[in-house]
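The values are calculated or read from the model by the stated rules, or taken from the named source; none is laboratory data. If you're wondering where the values come from, they're calculated on a predicted model, not measured in any experiment. Don't worry about glycine lacking a Cβ; one is built from the backbone with ideal geometry, like all the others, and counts go over all protein chains shown. Only protein heavy atoms, including side chains, enter the accessible area calculation; ligands, DNA and RNA are left aside. Shrake-Rupley method; radii C 1.70, N 1.55, O 1.52, S 1.80 Å.
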Amino acid sequence: MDAQYQPQAVEFEAQRFWEEQKCFEVTEDPNKEKFYCLSMFPYPSGRLHMGHVRNYTIGDVISRFQRMRGKNVLQPMGWDAFGLPAENAAIKNNVAPAKWTYENIDYMRTQLKQLGFGYDWQREVATCRPDYYRWEQWLFIKLYEKGLVYKKTAPVNWCPHDVTVLANEQVIDGRCWRCDTLVERKEIPQWFMRITQYADELLTELDHLDGWPEQVRTMQRNWIGRSEGAEIQFTVEGSGEALKVYTTRPDTLLGATYLAVAPEHPLALRAAQTNPLLAEFINQCRTMATAEAAMETMEKLGFNTGLTAAHPLTGKHLPIFAANFVLMGYGEGAVMSVPAHDQRDWEFAHKYGLPITQVIAATNGDVVDLTTAAYTEKGVLINSAEFSGLSSAQAVDAITNKLASTGLGKKRVNFRLRDWGVSRQRYWGAPIPMIHCAACGTVPVPEQDLPVVLPENIVFEGVGSPIKKMPEFYRTHCPKCGGEAERETDTFDTFMESSWYFARYASPDNDQAMVDARAKYWLPVDQYIGGIEHAILHLLYARFFNKLMRDVGLVENNEPFTNLLTQGMVVASTFYRLGDDGKKNFFNPAEIIPERDERGRLVAAKAKSDGQPVIVGSTEKMSKSKNNGVDPQILVEQYGADTARLFMMFAAPPEMSLDWSDAGVEGASRFLRRAWKQVHDHVAVGATTPLTVTELTSEQKQLRRISHQTLFRATDAYERRFSFNTVISGTMEMLNAVAKFEDRSAQGRAVRQEALEIAALVLAPIVPHIAHSLWYALGKTEAVVHARWPLADANAMKADEIELVVQVNGKLRGRVMVPTSANKAEIEAFAMSDVNVQRHLEGQVIKKIIAVPGRLINVVV
RNA sequence: GCCGGGGUGGCGGAAUUGGUAGACGCGCUGGACUCAAAAUCCAGUGAGGGAAACUUCGUGUCGGUUCGAUUCCGACCCUCGGCACCA
């Protein structure tokens with residue numbers, strides 16, 4: 001054994017061993033308990049970032065721990081390879097997205113190997129390869145045949161100057177990121193998947209996902225947003241056509257004083273034909289952003305269409321407004337407005353001078369003040385004809401029943417969840433396998449013609465997708481009639497690929513089926529790990545896809561991920577200067593010199609390049625667009641993979657967000673050097689004799705107690721709590737105790753040997769390379785990667801004496817050592833004997849004594 | 001705006017079920033070793049008072065429940081993530 005810890009040599013040797021022994025290549029073994037541990041696969045952006053290192057270290061720690069527990073562990077890795085950044089890089093560097101992506105994958109694979117993650121590389125998938133996405137195309141056609149896929153128009157962000165569709169990310173303050181043109185909404189035909197058909201199951205199954213964090217389940221519940229209410233039909237006066245609205249508060253129906261429809265609603269458009277001012281208003285609404293956050297924060301505007309509708313109960317004439325906050329694609333594209341009992345309606349009514357009619361009174365008789373805000377509580381009905389006097393709950397039934405009797409309304413369950421629009425007007429994605437024939441309409445690509453391959457060798461000009469200008473791609477023949485036809489040139493949303501990759505890892509080489517019987521062994525994923533930012537969209541789509549695959553007979557499990565660990569984000573400060581055009585030019589943290597106040601907080605910064613100040617922006621998740629990523633490669637090269645892994649796991653518990661700072665990396669490295677030296681100094685003396693547990697001194701017993709308690713706590717931390725940071729701090733304490741333990745006797749050395757073995761095993765999942773070396777150094781013949789996790793010895797953990805805290809009125813006044821065998825009276829006597837405690841009890845009357853076994857005594861005076 | 005997190009020393013964090021607040025690490029201060037530096041080792045380190053024993057305050061803010069609250073409840077402030085075309 002080297003006297004010095006040399007991470008490069010240690011890591012090279014361990015990685016060579018794992019690869020030669022094929023330690024992480026697994027097959028289905030029905031005799032062994034399986035454990036499928038999956039970390040969210042990366043987008044191949046070019047280099048690993050800290051978030052990846054954090055994510056994949058957590059996954060590897062859990063995988064290696066479960067291996068030591070004797071499970072058959074599958075840990076695969078792959079690439080979420082389609083997406084917008086490849087197109088951006090193509091424009092910037094004049095390189096085809098495919099080439100750029102494959103090169104990134106090659107580099108990042110090397111980085112992952114350098115970090116020592118135990119992946120089964122035989123199962124690697126890249127979603128941009130036709131042998132992967134052909135199955136997605138295949139499933140899409142199956143779902144089309146089942147009626148779960150349909151086409152409708154939906155809005156996109158449209159740049160009229162570049163004549164292209166923009167992603168939300170490419171819209172900055174309502175303008176195109178490239179040319180600053182005002183972005184418009186444009187309705188275009190797109191493909192949708194009926195996720196709403198699964199809304200009920202997606203919602204109710206959340207109750208059984210006990211292995212998921214409660215916060216994620218809550219977010220998904222709210223996102224799906226089941227509500228019970230009524231569909232109510234108003235009648236447009238003049239034309240007599242029906243105008244349906246959905247409301248969760250049918251009890252307030254008599255308080256409706258106007259209706260609001262989306263600007264794109266057919267009624268509004270028709271009225272605009274004879275009303276230029278309304279047409280102008282509708283036109284203005286076209287510049288409205290598509291993002292919900294922007295919709296909700298914008299100024300609520302409306303315009304009277306001049307049309308009126310008859311109230312279904314009173315027949316009153318209610319004005320119909322076109323309003324920018326009503327969404328055409330959501331519900332009926334129309335809402336009834338009750339300004340007395342809805343805050344948004346209240347504000348709108350005040351702005352446009354519309355009547356406010358109170359129809360709900362407080363149950364407790366309090367006066368309702370409608371001059372400052374709407375009254376949104378449930379209560380008792382007033383001003384509601386025959387319904388007055390009913391409670392809100394009674395009125396919901398009474399009013400919907402009345403409406404039902406005239407055919408003007410019915411109870412309805414509504415979901416906030418909308419169907420999933422999967423069309424993207426972009427190049428770097430999986431082609432949607434559909435053909436448009438003038439004679440036959442939309443025809444799916446026949447199964448034997450799959451995959452529809454995306455041409456990779458293209459010239460990327462910047463605006464617009466190249467395949468939309470490639471006749472050799474889109475010109476084809478109709479599979480039905482054989483006539484001239486055109487392919488769909490839109491590609492799939494990249495969330496499609498990431499919605500089923502977890503299943504493909506079980507049968508990555510099958511060219512006859514999407515997944516095969518092997519999936520039944522491995523699925524569901526036992527532990528899924530990924531960023532909290534995926535709590536809703538990705539995780540909901542993956543759950544949806546799992547159910548789709550189940551319903552076409554591919555898998556048996558209802559849910560894809562039994563346990564979920566949502567890792568907190570790695571965040572960092574942003575630095576930028578404003579350009580002449582008002583755009584932010586971001587600086588990487590490596591390019592600036594920070595200035596901190598006396599509390600260590602960042603207050604200002606200068607650029608290294610010119611020494612001039614840069615603006616310190618908000619702290620955000622590390623991303624390319626904000627250029628605030630810190631490259632982990634430097635860490636690995638300077639200190640080795642184990643230090644990088646150790647520091648990542650030590651810096652914070654996995655679920656907490658981590659504000660990046662490299663202060664402390666040195667400490668992690670120092671700890672590994674000390675551990676190495678301790679083992680070295682111990683084994684340099686020679687082999688140890690076996691431990692005789694019955695003949696130990698109290699110091700020897702104490703070190704054993706610490707060792708086994710550390711093991712006991714680490715087991716729970718790995719298995720249940722995922723608090724890897726406390727595994728590390730616990731091991732540090734233990735090795736500190738070993739360092740202070742100076743006993744050189746044979747039994748003393750045996751106790752030390754046991755402690756060092758426990759340290760190597762406990763640390764092995766986190767720092768597997770150094771553990772590999774230390775384990776051999778401690779005289780073991782089998783590699784630590786094959787070692788079994790030991791059980792903590794309950795006898796070794798027992799103490800003869802225990803420290804009790806003595807409080808007087810809840811304040812700490814003393815500590816006493818008490819034999820563990822002492823009874824209640826003896827413990828109280830010990831507590832009262834403390835000098836300081838006596839001082840505080842002098843002249844006081846003892847009211848009560850509270851004893852918490854093994855912890856404290858509180859004397860109440 | 002809506003939904004979901006987070007806030008504890010100079011810094012990262014610990015305190016597992018309402019029971020010793022600040023484990024462990026970083027940084028800093030002092031010392032040892034060294035010609036010197038690095039590395040390493042030893043000691044100290046929440047704030048105030050005290051020579052010390054000890055004591056008062058202290059977990060974003062304000063209020064509540066309790067013998068006892070970082071932990072439970074209510075209101076608020078700040079901050080982060082998501083909001084359906086970033087992934």
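General remarks:
- Relative contact order (%) - criterion: Cα under 8 Å, at least six apart; region: the range A:365-497: 24 percent
- Looking at the range A:620-726, none of the chymotrypsin sites (Phe, Trp or Tyr not before Pro) sits in a DSSP loop with at most 12 other Cβ atoms within 10 Å of its own Cβ.
- Two-site FRET efficiency, A:D173 against A:R815, from Cβ-Cβ distance with R₀ of 51 Å, rounded to 0.05: 0.25
- Among the listed pairs A:K32/A:K113; A:K92/A:K469; A:K113/A:K677; A:K469/A:K547; A:K351/A:K411, those whose Cα-Cα separation exceeds 25 Å are A:K32/A:K113; A:K113/A:K677; A:K469/A:K547; A:K351/A:K411.
- Sparse-neighbourhood loop sites, GluC sites (Glu not before Pro) in the range A:284-346 - DSSP loop, at most 15 other Cβ within 10 angstrom: A:E299
- Cross-link reach list, lysines versus A:K811, counting only Cα pairs under 20 Å and skipping chain neighbours closer than eight places: A:K847, A:K848
- With R₀ set to 30 Å, the beta-carbon distance separating A:E826 from A:E719 gives a calculated FRET efficiency near 0.20.
- Chain A: antiparallel DSSP beta bridges as a percent of all, rounded to 5: 80 percent
- Heavy atoms of the protein chains alone define the surface here; on that basis chain A has 45 Å² accessible area per residue at 1.4 Å probe size.
- Carbon and sulfur %, accessible surface of chain A computed with the full protein complex present, 1.4 Å: 51 percent
- Rounded to the nearest 500, the helix-only mean residue ellipticity at 222 nm of chain A stands at -10500 deg cm²/dmol, with each DSSP H run of n ≥ 4 adding -39,500 (n - 2.57).
- Anisotropy class of the range A:415-556 from Cα gyration tensor, a/c 1.5 cut: prolate
- Lysine pair count for the range A:140-270 [Cα-Cα under 27 Å; pairs on different chains or 8 or more apart]: 7
- Convex hull of Cα atoms in chain A, direction-averaged projection (nm²): 48.9 nm²
- Peptide packing: for A:608-619, A:280-291, A:559-570, A:506-517, the average count of neighbouring Cβ atoms within 10 Å per residue gives the ranking A:559-570, A:280-291, A:506-517, A:608-619, highest mean first.
- Which listed pairs, of A:K583/A:K626; A:K583/A:K624; A:K701/A:K780; A:K22/A:K780, have C-alpha distances above 18 Å, in listed order: A:K701/A:K780; A:K22/A:K780
- Proximal aspartates and glutamates relative to A:K621, as straight alpha-carbon distance under 17 Å, when same-chain residues fewer than 8 apart are discounted: A:E169, A:E533, A:D631, A:E655, A:D659, A:D662
- Cβ crowding within 10 Å averaged over residues, with A:240-247, A:441-448, A:726-733 ranked highest first: A:726-733, A:240-247, A:441-448
- Relative packing of A:843-852, A:225-234, which averages over residues the other C-beta atoms within 10 Å, highest first: A:225-234, A:843-852
- Cα shape, the range A:721-798, gyration tensor, a/c 1.5 rule: oblate
- Reachable aspartates and glutamates from A:K316, criterion Cα separation under 15 angstrom, eight or more residues apart if same chain: A:E237
- Charge context of A:H52, other residues only, Cβ under 14 angstrom, K/R +1, D/E -1: +3
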